[in-house]
Each structure stands twice: as structure tokens, then as C-alpha cells.
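Worksheet for the structure shown next.
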Amino acid sequence: MWRGRAGTLPAAIGALCRALPPVSRPAPETFRLAKFDRPEASLQIWRLLYSLLKQIHDGGWTEPDTIGTQIRFVKSVLRYHGYGRPEFYQLPSDGSQGSRELLLAFSWLLNRISLLERLLTVNRVKIGDEASVCTCEDNLSNSWKDRTEIALEPCLKREVDVRYLQWLTGRLRFQWRSLHVDHQEQCKLLHKIHSYTSGCHMDQTIGHFSVTETDLIRQPDSYKQLLQSLESETSRLEAFLEWKRLEPVYWHWMETVLDTLDEDANTFKSEDVCKEKNTLPNANLCCHSASNIIGEIDKLTKDLVTLHDGLHELVNCKKSAWYEKVKSRERTLPDEREFCAAVRTITEAVKLKLSGLKYHCSHKKNGMHGLYRLVFKDKCSASKTGFLSSVSKEPITNVNATEVISELQMEEGTLKRELKQLQEECRHKLDEIAEGLVGVICIPPMKRDWSPLAETGLNQLFPP
């Protein structure tokens, strides 16, 4: 069935390459070289993976000085996404080999994280002002656990200085503050543009200009660059549609890549088996006489009897110790009133947790996720809408900004309660550890009077 479509494989790979951003677009010949594990394709695919993942996770691409930095970044991102093939992480840091392993990793990203779709979303030409909103539940707890376990494996091999972690925490907090201040300033500027241009837009649903549209009015000559960007995006979308039509051909070809990988592995195994056969000792040297075998059997029988007697004595000692523990625990059991009070406390806590779960389950269907276009409304019509969905595949829906803010504030309160509970548990553990230390004075850290601002930038975009 697929042999008749062998001629469509170059078209499928060509469409895949054209659907990628121009800055990181590889040659179709690179895929053929990677199938046969040619070393000249390794560096090209390392740079390809680095540029694509950099656009998704950092929002841009700035090529560093060394290839080692690119390789470390790619490995860390793939480990984060849960790629568990050990041969990939054993590739050298100079990028001299492993093009077939890199092809497998690239194909895994295509299928696992919808690489092309995410790249098209990141590099999409944004005409309107948008905001990213997520109020849905994350159902990736298990995959996150797997990612954490995979990421911690190399970290357990070396010790990390606590002072270095404290320095990283402080640096992260400082950058978060700077980001929050920049976001507030952006919201103020957006509010000015939306309010000053209110009523000027042809679409009465929106009613105002965006930043891009305002810049076009101020600088009309910049429309040429915008037109080129739109044409480039259109060509990538056309290539993506062609890729979706020919995608089964590519995955059938990847099956042949896996077959080639298995053939090479079997070849290496057969060579190892031949070496082992050549190094086997002479069978005559391993032969024992019948008397020696009988003596060894008698010795093993005596050892088994001795072990049986020792295990029997150990079981008896464990039973007696267990009975003593049960009797001592029965003496320390609380009376009936204390037991009933403890049961009531646990029951109330369970009811509170279940009520929270019921609330999340009932509101899960209304969760929002994705980019929403910002639409400014004055006080008279502020109750109508706050966001206008423009990126979602679903029909356009209007959402009030105040509802999003209130829901995010409720989620913030839940996270704060969980954080406080975890802090209390850590404090109790530290107190237990401190009690076992002799001649040591534990000084608690200074309390910080800093707390994140409760109001987000959305409050400034849509003031009450």
C-alpha cells in the first residue's frame, strides 16, 4: 500500500521543512542522512532542535557561542517533557555523532507536544492585543512526577551548596518583581491606547485600535514589513496543511528508521556473542568428579538446615517484640472522648477537602485556556465583556475580566493555604531535627515584609 506512495516521501519531508520557521529551516537531505546515522547531519539537527525549543520556551532565538550550550539546553528541555531514551542523553557534548537518535527525538517532539502547532502559535502575526489566560485544571500530575524523577537522577550524583540555591532564589525573586513591574507598565500603556482610540475601529465589537494598528497609523511605511510577515505566515500555513495530508507517509518512513536501528543493534549483539564464544574456557576444565559433587550437596544441605533454625529463632524473637509493642500501644491509647474528637476533626477536614473538589469539578467545564484578545469597554458597557477570544478553535465567546480576576484570586487563596500547610510541616520536621542536635543554637531567618501585589495588570486594563 505504501510502496506505491514512495514518491510522496520527499514531498512530505519538504512540506515539514517549509512549515518550520525560516530561521531554523533544515534541508530535506538532512533527514535522509540522519536515517543512516551520518555524523555530518548531527550538528544540523542539534541546531534545529535548539532553535525550535528556544522559540517555544524562551520566546526567541539567540544562538550562543558554543555548541555545548545548545546541546545542554536541548537535553534539559527533552528531559522536562519526559523523553526517556537513555541513548539520547549519552550523546557526546561536541555534537559529532548521533544523528539518528536526534531524528528520533525530533519525531517524538512532533507527536508528543504537537511541535508544529505550537511553533505556528508562537510565531503567529499578532494584529490585536492579547493576554494568556488559564483557569483550567492541570491533568498532568503523573507526567510531571515522571519528569521530576527523570530530572533528579543526574542531580543526585552531585551535592549542591545551599548558599548557591539561596542566591538563585533571591535572583529569581528579583527578576519576578522586575517582570511584574514591566507588566504593570505595559497594562497602563495598553489602557491609554485603548481608551484614546475608543470608537475609531471599523469593527464595533472591538471599538478601538490595538498597538499594531496604532503603530501602522503613526508609521504607514511599516505596512510593508507587516505584509511580508503575513505572507510568510500564509506560506507556512499552506505547508502545514500539505504536511497534515502527507503525515502518514512520514510516520511510515520512521518505522523503517526504527527497523534500521534494530538491525544495527542485532548486528552488534551478534558480534558480541561471537566474541564471548571465542573466549569461553575449555569444557574439560569445568568438569567435576562425582565425589566432589556429592560433597558439595552435603555441605549445602547442612547450610540450609542451619539457616532454617536461625530463621525460626528470628521469627520467634520478632513475634515476642511485636506483642510487647502492641501491649505498650494499648496502654497509651486515648480514651473514648479524645478518640471521638479526633474523628470529628478528621471528618470536618475531609468534608472541606471534598467541597473544594466538588467546586473544582463543577467549574472545570468553564475553565479557559489559551490566548484571548483584549477588548476595552467603558463603565456603561463594562459588564458585557472583558476579553474576546480570538485564538481558540471554539466559537468566539465573551468573558468578563472581573470574573477571571475573581477566579484567579480564589485559586491564589487555595495555593496560599496549601503553601502555609507545607511550611508548617517543614517547620515541625526542622524542630524534630533540632531537638536531636547537642550544643547547637538554631537561629531562624529574618522575616521579610514583602508580599506580591494582590492586584494584577488586568485591574489596570479594566478599572472598576
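Once backbone amide H atoms are built at 1.01 Å from N, His208 has Gly199, His201 as its partners under 5 Å, excluding neighbours fewer than 5 places away on the same chain.
Determine the sum of side-chain charges near Pro22: Lys and Arg each +1, Asp and Glu each -1, restricted to other residues whose C-beta is under 13 angstrom from that of Pro22. Charge balance near Pro22 sits at +1. Note on His312 and Leu437: their simple-model spin labels are 5.1 nm apart, each label 7 Å out from Cα toward Cβ. What is the diffusion coefficient of the range 36-129 in µm²/s, taking the Kirkwood radius over Cα pairs and the Stokes-Einstein relation at 25 °C with a viscosity of 0.890 mPa s? Calculated translational D: 177 µm²/s.
Across Ile433, Ile13, Ile443, the residue with the most accessible area heads the list, and the full order at a 1.4 Å probe is Ile443, Ile433, Ile13. Translational diffusion of the range 167-230, estimated by Stokes-Einstein from the Kirkwood radius over alpha carbon pairs at 25 °C in a medium of 0.890 mPa s, is 172 µm² per second.
The values are calculated or read from the model by the stated rules, or taken from the named source; none is laboratory data. Everything quoted here is computed from the prediction, not taken from an experiment. Every residue, glycine as well, gets a Cβ built from its backbone with ideal geometry; the counts of neighbours run over all protein chains shown. Side chains are part of the model used for accessible areas, which takes the heavy atoms of the whole protein and leaves out ligands, DNA and RNA. Shrake-Rupley method; radii C 1.70, N 1.55, O 1.52, S 1.80 Å.
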